[in-house]
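Accompanying notes for the structure given below.
The values are calculated or read from the model by the stated rules, or taken from the named source; none is laboratory data. Quick caveat: nothing in here was measured; it's all calculated off a predicted structure. Note: ideal-geometry Cβ built from the backbone for every residue, glycine included; neighbour counts use all protein chains shown. Ligands, DNA and RNA are stripped out before the accessible areas are found, and what is left, the full protein with its side chains, is counted by its heavy atoms. Shrake-Rupley method; radii C 1.70, N 1.55, O 1.52, S 1.80 Å.
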Amino acid sequence: MKRFMLTFVLAIAAGVWMTNEATGRWCMPSIRTETEPWIELTGVFQAEGFPCQPNKPCPPCLTIALATSEKLYYLVTDDGQLIERLDTIKLGTIATVSGIPFTYEGDDYIQVKSIDTTPMSLRLKSLCDEWNVLEISNVTCGYCEEYKTYNFHLTTDTVISGLLYSQLIKDGAYKGALREGNNRDIYCVPAGCSQEYLLYAFNAQVGDSLKNIWVGGHSSWIPDVRSVIVSEIKQTTPRTIVLEVHYYEAPDAYEESIRNLTWTEGIGMPFGPMGAECSIFNGCADSRAKLLLCAYKNGEQVYVSELGEKYGCDYNYDPLATHTDTIPLFIKDGPGSSTVEPVDPNLIYATLTKDVLSVYAKEKTEISFVLYKAPKTNQVPATKHTMKSASFTGSLSTTLTESGTYTMELTSPAWGYTVFGTFEYKVPQAIENTSANAPSATKILRDGQLLIQNDDKLYNAQGIRLQ
């Protein structure tokens, strides 16, 4: 490993530097100070020409410097371990350097005491670093919703206004930058914005009034939040912090709105790490809603929401891409007959789409339909169970709720035979599969607001639980 081998060459009055005797990587100025207070600077390591003064000797070599958003600082230190570390740091590395700043003959220096190159995503100790968020499109269309899971994660560092942030990425797209303060407080600079906002304050207490809060939105429309008060802290696991948000929903709104918003400690908001990307409480104009499924820290799952428990951490469903199976139908002449022949599909056919069994008949005649389910292999007596019987003209559909082997029989007074078909159906396990049955959640329109009921729980379109 390379090491700096530094020797004094000239006196300070002559304009001094320290040389590496051809074995080290950087020349380093030898000037020092003990008079200024310590600070922390975040920037990028880069190579610079040696800070030479006019009419003074200057070595033909480079030195390492820290470029912040405001200044360029030349690095100096007498610590052998830090010198060795600087000799091996890659140029372009983002780091936080602590030490004593000072100015000498017009140039800025920092006398280095410590260097932290830990990725910012690992420094956010109070927040997860990855989230799976379910986006539901067409929530008002009526059982034709599309479900897609998006992945949010913290990734490479970036420097904004001299502070180090970790970039938040949603399936490859930049959504903002996050950093952590000193009191379990998380700050963000949303994509398209230059202002920093308080995103989470996990050490907040009931009654606290929080300022400059980010509750969701987009750079083209940022909600006018007037005040946020911590109204309740529920002792759930993890804790739930309830906020009373006073805001104006639209730029031209005259009346102040008041709604509750929740933070799950260490996890975030119910609809993702930086909240909703459009209207914070009333949903999106294009009928989209977002709901958090699962959250992760250092590659391990640390949280699953109620919807995540129902549908899994990666749920996707496209009603236009649903696979449909055609069930073979056959004709038998009567009881005990061993003669069977395929049915002409242009006259009658049956399909199984997810859990929906459908029968279609071209002839406009009344048809009797009976659906049987075969018993389990260890069941006694071995008799088949009638699951449904009905009469229809044209078409019929029924929903299957149990796994098993099914047989349907179709008869009509206009026929002299029986049509039958046998098929297997297995109830999908939503927790284990990424493509499962359409959710059983029910949409409710109440006082002009779209609500989603899931079992005995009620949510608004953005996933905020109401009861």
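Sequence-distant or interchain residues sharing an amide H contact under 5 Å with Tyr315, placed H: which?
Thr149
Assuming 0.36 nm per residue, please report the length gained on full extension of the stretch Asp252 to Gln195 beyond their Cα-Cα distance.
Result: 18.3 nm gained on full extension.
Quick one: grab the alpha carbon gyration tensor of the stretch 33-114, order the square roots of its eigenvalues as a ≥ b ≥ c, and give me rounded if a/c is under 1.5, else prolate or oblate depending on whether a/b is larger than b/c.
Judged from the Cα gyration tensor, the stretch 33-114 comes out rounded (a/c under 1.5).
Check which residues have an amide H placed less than 5 Å from Glu249's amide H, if you skip close sequence neighbours.
Ser257
HN-Hα J couplings of the stretch 172-181 from phi, Karplus 6.51/-1.76/1.60, θ = phi - 60°, integer Hz, Gly and Pro as x?
Per residue, the Karplus-derived 3J(HN,Hα) values read x, 9, 6, 10, x, 9, 10, 8, 10, x Hz.
Treat the stretch 77-125 as a sphere of radius equal to its Kirkwood radius over Cα pairs and apply Stokes-Einstein at 37 °C in a medium of 0.692 mPa s; give the translational diffusion coefficient in µm²/s, rounded to a whole number.
After rounding, the answer is 266 µm²/s.
Using a 1.4 Å probe on the protein chains only, how many percent of the accessible area of the stretch 178-306 belongs to carbon and sulfur?
The nonpolar share, carbon plus sulfur, comes to 45 percent.
Convert each backbone phi in the stretch 148-155 into a coupling constant with the Karplus relation 6.51 cos²θ - 1.76 cosθ + 1.60 (shift: θ = phi - 60°), then list the ³J(HN,Hα) values in order as whole Hz, x for Gly and Pro.
3J(HN,Hα) across the stretch 148-155, in whole Hz: 9, 9, 10, 9, 9, 8, 7, 9.
Near Ala191, within a Cβ-to-Cβ distance under 14 Å, what is the net charge of the other residues, with Lys and Arg +1 and Asp and Glu -1?
-1
Quick check: pseudo-label points 7 Å beyond the Cα along Cα→Cβ at Trp415 and Glu48, how many nm apart are they?
8.8 nm
Return the Cα extents of the stretch 130-237 along principal axes one, two and three, sorted largest first, each rounded to a whole Å.
Taking the Cα atoms of the stretch 130-237, the three principal extents are 45, 35, 31 Å.
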